[in-house]
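J.: Mind looking over this structure? Questions follow.
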Amino acid sequence: MALTFIVGGVFTNLAIFRYQKHVSAAQYNAYAGALSVIKEAYPEAEEDEIIRNLTKASDAAFGESVLRQYGILKDGELYRGQNKGKTEVILAANLIFLATAAVSLWALILFWKVRSRKLRELGSYVDRVSHGHYELELQKNLEDELSGLRNELYKLTVLYKEQADSAQAGKAALADSVANISHQLKTPLTSAVILTDNLLESPDMDLQTRTKFLQEISRQLVGMKWLVISMLKLSRLDAGVVELQKEQVNLKKIAEDAMTNLEMMAQWKEIRFETNLEDVTVSGDGKWLSEALQNIVKNAIEHSPQGGVIEIETQENEVYCQVSVKDHGEGISEVDQKHLFERFYKASKVENENVGIGLALAKEVVERQNGSITVDSGENGTCFYVRILKYQG
């Protein structure tokens, strides 16, 4: 505004200066013309005398009356008070400039008041948003920068709120996971401690009972080891520190390795494997696919009756390659099937504690390799289908 006033004042006075020069030039031309006319009419008159008569101070009343008589001067004076007229022009121009400056200043003050009010409203709005009131107030959105700032602040605040909620949810999930792991480890650990105490307190225990106790301790320890390792692997996947490889993987070999690694567990329950394995090759991470399939086979062993049979089969079509694992247990209810792949979920008919993490890990691994896991369960048992697409994006 100060710059506007300065520039306006400079241009106003420049205009007045040019006007003064114009008036002075007109006056000079009038004197020059009068001198020429008088000289022509009175050639004997001296030029000095003519100049003195033209420029000397005199009463202009007589001249005005003569000019009016001949119709030369009809409205206003020609030369009298000319300096006064110049002053009036200058004064009027500056008054106009001052009036314009005053209006501009008033407009600036009014604009600043409106601006300050909008900034206060914006601060109040941000405070409300920070306290959980997330209404966008669309009726106050205008085509100005403050409305754009309001919207951006809204987005930023909501983003931070979502991040805070996500962090809080992550803490709650971590607490739940720790509680679930503690619960999962409590029973087998207690059982192993009790059996070990019995062995220590009964040195004369018969060989058959001692062997049975040792086998049970071994089974409980293997279950705890499996749980801890599975949880660590799932945590690595969640943290994004695992980079799955893409290589040619033979599903037949993965299935055979899974049965070999779980052979002792199967022997405890006298489980028999029946297989129909074809050489089926997919693109994926063999290590993690093996981990997923082992968890599915382990789940089948746990839910098979003593002396049962588990059927494992591989096949392929034009779209995907598939591994199916079928047990002949009691089956899974429709309600439990909806939660089967949730972490630490325990089906209603399950009495052992080794549930809830293996299938979640398997699902995470398979889906990250452009695959899927589905389940079909009934009175004759449960079958899991692991399908990997042949053509991956």
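The values are calculated or read from the model by the stated rules, or taken from the named source; none is laboratory data. All of these numbers come straight from a predicted model, not from anything done at the bench. Glycine gets a Cβ as well: all are built from the backbone with ideal geometry, and neighbour counts include every protein chain shown.
J.: If Gln306 satisfies every condition in (1) at pLDDT 90 or above; (2) in contact with a helix residue (DSSP H, G or I) (Cβ under 9 Å, 6 or more places away or on another chain); (3) more than 18 Å from Leu359 (Cβ to Cβ) but one, which is the exception?
T.: Every condition holds for Gln306 apart from (2).
J.: Further question on the same structure: Given the options Ser290, Ser283, name the one that is polar (S, T, N, Q) and in contact (Cβ under 8 Å) with a residue 40 or more places away in the chain.
T.: Only one candidate passes the filter, namely Ser283.
J.: From the set of residues in segment 261-286 that are crowded, with 19+ Cβ neighbours inside 10 Å and touching a Gly at 6+ places or on another chain (Cβ under 9 Å), which is nearest to Gln245 (Cα to Cα)?
T.: So, considering only residues that are crowded, with 19+ Cβ neighbours inside 10 Å and touching a Gly at 6+ places or on another chain (Cβ under 9 Å), the one nearest to Gln245 (Cα to Cα) is Gly284.
J.: If you don't mind, another one. How many residues does segment 197-214 contain that are surrounded by 13 or more Cβ atoms within 10 Å (Cβ to Cβ) and closer than 19 Å to Met264 by Cα?
T.: First, the residues of segment 197-214 that are surrounded by 13 or more Cβ atoms within 10 Å (Cβ to Cβ): 198-199, 205, 210, 212-214.
Checking the rest, the ones that are also closer than 19 Å to Met264 by Cα come to 210, 212-214.
Going through segment 197-214 one residue at a time, the tally reaches 4.
J.: Of the residues Ala60, Ala99, which is surrounded by 10 or more Cβ atoms within 10 Å (Cβ to Cβ) and either assigned by TED's automatic domain parsing to the domain that holds Tyr160 or at pLDDT 70 or above (or both)? First the steps, then the outcome.
T.: Details: Ala60 fails: either assigned by TED's automatic domain parsing to the domain that holds Tyr160 or at pLDDT 70 or above (or both).
Selected residue: Ala99, the only one of Ala60, Ala99 that is surrounded by 10 or more Cβ atoms within 10 Å (Cβ to Cβ) and either assigned by TED's automatic domain parsing to the domain that holds Tyr160 or at pLDDT 70 or above (or both).
J.: Another question about this same structure. Show the residue pairs that are 6+ apart or on different chains and have beta-carbon atoms under 8 Å apart, the first residue being within segment 251-271 and of a type outside the set (S, T, N, Q), the second being exposed (fewer than 15 other Cβ atoms within 10 Å of the Cβ) and in a helix (DSSP H, G or I).
T.: The qualifying pairs are Trp268/Gln215.
J.: Another question, then. Taking segment 363-375, which residues are closer than 18 Å to Gln245 by Cβ and assigned to a helix (DSSP H, G or I)?
T.: Glu364, Val365, Val366, Glu367
J.: Do we have Ile51 as assigned by TED's automatic domain parsing to the domain that holds Ile109, β-branched (Val, Ile, Thr) and at pLDDT 75 or above here? I'd like the intermediate steps shown before the answer.
T.: Values: assigned by TED's automatic domain parsing to the domain that holds Ile109: yes; β-branched (Val, Ile, Thr): yes; at pLDDT 75 or above: yes.
Taking the combined requirement at face value, the residue satisfies it.
J.: Give the residues of segment 254-265 that are at pLDDT below 90 and touching a strand residue (DSSP E or B) at 6+ places or on another chain (Cβ under 7 Å), sorted by residue number.
T.: Answer for segment 254-265, where residues must be at pLDDT below 90 and touching a strand residue (DSSP E or B) at 6+ places or on another chain (Cβ under 7 Å): there is none.
To keep it simple, each residue is scored yes or no on (1) acidic (Asp, Glu); (2) over 52 Å from the mean Cα position of the chain (by Cα).
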{"residue": "Pro203", "(1), (2)": "no, yes"}
{"residue": "Gln208", "(1), (2)": "no, yes"}
{"residue": "Lys212", "(1), (2)": "no, yes"}
{"residue": "Leu221", "(1), (2)": "no, no"}
{"residue": "Leu227", "(1), (2)": "no, no"}
{"residue": "Asp238", "(1), (2)": "yes, no"}
{"residue": "Gln245", "(1), (2)": "no, no"}
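J.: Now a separate question. When you scan segment 336-393, how many residues do you find that are β-branched (Val, Ile, Thr), modelled with pLDDT under 90 and in contact with an Asp or Glu (Cβ under 9 Å, 6 or more places away or on another chain)?
T.: The qualifying residues number 3.
J.: When the residues of segment 109-149 are narrowed to those that are of a type in the set (A, V, I, L, M, F, W, C) and surrounded by 13 or more Cβ atoms within 10 Å (Cβ to Cβ), which ends up modelled with the lowest pLDDT?
T.: Among residues in segment 109-149 that are of a type in the set (A, V, I, L, M, F, W, C) and surrounded by 13 or more Cβ atoms within 10 Å (Cβ to Cβ), the one modelled with the lowest pLDDT is Leu136.
J.: Go through the residues of segment 287-294 one by one and say whether even a single one is surrounded by 15 or more Cβ atoms within 10 Å (Cβ to Cβ), of a type in the set (Gly, Ala, Ser) and touching a Ser or Thr at 6+ places or on another chain (Cβ under 9 Å).
T.: no
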